[in-house]
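See below for the structure under consideration.
The values are calculated or read from the model by the stated rules, or taken from the named source; none is laboratory data. Being a predicted model, the structure only gives us computed values, none of them experimental. Here the Cβ positions follow ideal geometry from the backbone for every residue, glycine too, while neighbour counts run over all protein chains shown.
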């Protein structure tokens, strides 16, 4: 692999023309929100078949569980109904 991208987050996920579209964002160098924090702006887009999206979600779920087990992340507290 010779191509690597860094993102700060996902700005939007949509579905159109039979494809899942995921907009990837990075923190802006010059735009800030009402709190003065850098805003997340779209920089790139992933376009994939729905089956590939499900494969990706399974892989993300597996990695999230590993990160919780390694105490890198904490699980969100369960919300009261």
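Looking only at residues in segment 18-53 that are outside any strand (DSSP E or B) and in contact with a strand residue (DSSP E or B) (Cβ under 9 Å, 6 or more places away or on another chain), which one is surrounded by the most Cβ atoms within 10 Å (Cβ to Cβ)?
The extreme case among them is 53.
What pairs can you find where one residue is in segment 2-21 and within 18 Å of residue 57 (Cβ to Cβ), the other is part of a loop (DSSP other than H, G, I, E, B) and modelled with pLDDT of 95 or more, and their Cβ atoms are less than 7 Å apart, with a gap of 6+ or different chains?
19/49
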